[in-house]
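Structure in structure tokens, see below.
The values are calculated or read from the model by the stated rules, or taken from the named source; none is laboratory data. Because the structure is a prediction, the values reported are computed rather than measured. Methodologically, a virtual Cβ is constructed for each residue, glycine included, from the backbone with ideal geometry; neighbour enumeration extends over all protein chains shown. Areas reflect the complete protein model, heavy atoms only, side chains present, ligands, DNA and RNA absent. Shrake-Rupley method; radii C 1.70, N 1.55, O 1.52, S 1.80 Å.
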Amino acid sequence: MIQLMEYPDTQAIEALLRRDEAKAANVDEPVRAILDTVRREGDQALYDYTRQFDGASLSALEVTPEEMDAAWEAANPDFIRILQAARDNIESYHCKQKQEGYIMTRGAGVILGQRVLPLARVGIYVPGGTARYPSTVLMNAIPAKIAGVGETVMVTPPDRDGGLPVDILAAAKVAGVDRIFKIGGAQAIAALSYGTQSVPRVDKIVGPGNLYVATAKRMVYGLVDIDMIAGPSEILVIADETANPRFVAADLLSQAEHDRLASANLITDDPDLAEAVREEIETQLSRLPREEIARSAIENYSAILLVQSIEEAVAISNRIAPEHLEICTAEPFSLLPLVKNAGSVFLGHYVPEALGDYMAGTNHTLPTSGTARFSSPLSVEDFVKKSSFTYYDRKAFGQIGEDVAAFARREGLEAHANSVQVRLSSQS
């Protein structure tokens, strides 16, 4: 059963913050070996690792147009409609994030500016394993398309027959993914980072994955850009006496079923609600297909914390900086200005976190493990780079040149100063 604790017990807060206990064993050495092998051997290493880790013997790594057409024909028409509706909502939300460059002048003869340029090629990692996520395809590919990325390259592990789930391929078609490869794990990250005979090298890798994928992304950062190092999924619910315990329990379990290391916490000022949620969690757990996974997360990395006030609950939430924050109170918008650290905030009794995962339009790729203190959800901005430019004409340069040279000499950089001085001398 989920733990019930009372604030200001310091151990209660430590329990909610103990994300370090959810860290799995160090896998640096095997991941580094996989990266090195793919860098040296290219496609052959990908075939070998796919046979070893996924049990699939592939004749080709890339999904063909014929496979895409067959998947589209086999896809459930109603699910295609849902995918298209989700795409439209995601597009309408993310279009607002698109940035433009600017040009400014500072007197006669001076022009400064900034250009916003899309990345040329982006890799999207879509997990396999215990669950498949067509939503991940939409959430990562659509902002990239809005940003103007030239080519999106998706990687995802195949099943033992060498195929990919119909729903994943249908989502890729709806989102406009350009190329798809049947590779997963650290080897997929290596292929996107170094390039192989079949897989093109990308500029940035986005998308969630297991510990091996996360470790590989960390290791290749600098060679390519990455979105973030995502930890186990987490949710924090702040609720008062107006909350429905069935709703709250269901929302906590919606994250607990992701992973044995997931964290699902409730902070409330109502003891009756706390007890009712505890009972509801046990009732609903027994009905979940992924009960074993969810129960492990609930019993090991989750808690209910009783506080004196809802404002106190928000203050504690800001310390935790949760990935998902639900505010299930009578007046949720009154608390929103108090929220300083959260990946995504869900307001009211009829806004389960799952709404954001799939259909609302906000992005579900979010900072975890307290990193919402300084980082943000995936957005269009993640798929662009910025470049500045400067122009001075002869007269304008002559007016500022002596100051530039003096600044350079204060730093002991005479060649810098000289690059200015030779131009000033040519004007006299």
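Report yes if some residue within region 358-367 is under 18 Å from residue 92 (Cα atoms), buried (at least 16 other Cβ atoms within 10 Å of the Cβ), out of contact with any helix residue (DSSP H, G or I) (no Cβ under 8 Å at 6 or more places or on another chain) and in contact (Cβ under 8 Å) with a residue 24 or more places away in the chain; otherwise report no.
No, region 358-367 has no match at all.
Separate question: Which number in (1) among the small types (Gly, Ala, Ser); (2) open to solvent by 40 Å² or more (accessible area, probe 1.4 Å); (3) under 30 Å from the mean Cα position of the chain (by Cα) marks the one condition that residue 286 misses?
So residue 286 meets the others, but not (3).
Can you name every residue in region 56-85 that is open to solvent by 30 Å² or more (accessible area, probe 1.4 Å), farther than 23 Å from residue 200 by Cα and either part of a loop (DSSP other than H, G, I, E, B) or touching a His at 6+ places or on another chain (Cβ under 6 Å) (or both)?
Selection gives 76 alone.
Follow-up. Filtering region 94-143 down to residues that are more than 20 Å from residue 188 (Cβ to Cβ) and part of a loop (DSSP other than H, G, I, E, B), which residue is least open to solvent (accessible area, probe 1.4 Å)?
109
Return the only residue of 310, 293, 281, 298 being in contact (Cβ under 8 Å) with a residue 60 or more places away in the chain, surrounded by 16 or more Cβ atoms within 10 Å (Cβ to Cβ) and closer than 22 Å to residue 345 by Cβ. Lay out the reasoning, then the answer.
Working: 293 fails: closer than 22 Å to residue 345 by Cβ; 281 fails: closer than 22 Å to residue 345 by Cβ; 298 fails: closer than 22 Å to residue 345 by Cβ.
After ruling out the rest, the residue left standing is 310.
I'd like to check something: does region 81-94 contain any residue that is over 27 Å from the mean Cα position of the chain (by Cα) and among the hydroxyl-bearing types (Ser, Thr, Tyr)? Working first, answer last.
Of all residues in region 81-94, those over 27 Å from the mean Cα position of the chain (by Cα) come to none.
Within region 81-94 (the criterion being over 27 Å from the mean Cα position of the chain (by Cα) and among the hydroxyl-bearing types (Ser, Thr, Tyr)), the answer is no, since none of the residues qualifies.
Can you tell me which residue among 86, 74 is in contact with a Gly (Cβ under 9 Å, 6 or more places away or on another chain) and at pLDDT 95 or above?
86
Moving on. Give 401, 361, 356 a once-over and let me know the one that is closer than 26 Å to residue 242 by Cα and at pLDDT 95 or above.
356
What are the residues in region 235-265 that are under 13 Å from residue 324 (Cβ atoms), in contact with a Ser or Thr (Cβ under 7 Å, 6 or more places away or on another chain) and among the polar types (S, T, N, Q), if any?
Correct list: 255, 263, 265.
Moving on. Yes or no: region 410-423 includes at least one residue that is in contact (Cβ under 8 Å) with a residue 24 or more places away in the chain, buried (at least 18 other Cβ atoms within 10 Å of the Cβ), charged (D, E, K, R) and not in a loop (DSSP other than H, G, I, E, B). Walk me through it before giving the result.
Taking region 410-423 and keeping what is in contact (Cβ under 8 Å) with a residue 24 or more places away in the chain, we get 423.
Restricting the remaining residues to those that are buried (at least 18 other Cβ atoms within 10 Å of the Cβ) gives none.
No, that holds for no residue.
Listed here are the residues, each with its yes/no results for (1) part of a loop (DSSP other than H, G, I, E, B); (2) surrounded by 18 or more Cβ atoms within 10 Å (Cβ to Cβ); (3) free of Cβ contacts under 8 Å to residues at least 60 places away in the same chain; (4) of a type outside the set (Ser, Thr, Tyr).
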{"site": "171", "(1), (2), (3), (4)": "no, yes, no, yes"}
{"site": "174", "(1), (2), (3), (4)": "no, yes, no, yes"}
{"site": "187", "(1), (2), (3), (4)": "no, yes, no, yes"}
{"site": "193", "(1), (2), (3), (4)": "no, yes, no, no"}
{"site": "198", "(1), (2), (3), (4)": "yes, no, no, no"}
{"site": "202", "(1), (2), (3), (4)": "yes, yes, no, yes"}
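Additional query: Could you look through region 257-285, keep only residues that are touching a helix residue (DSSP H, G or I) at 6+ places or on another chain (Cβ under 6 Å) and not hydrophobic (A, V, I, L, M, F, W, C), and pick out the one that is farthest from residue 317 (Cα to Cα)?
284
Take residues that are under 19 Å from residue 249 (Cα atoms) and tell me which of the strands (runs of 3 or more DSSP E) falling wholly in region 306-405 contain 3 or more.
Because the criterion is at least 3 residues that are under 19 Å from residue 249 (Cα atoms), the strands (runs of 3 or more DSSP E) in region 306-405 that meet it are 324-328, 344-347.
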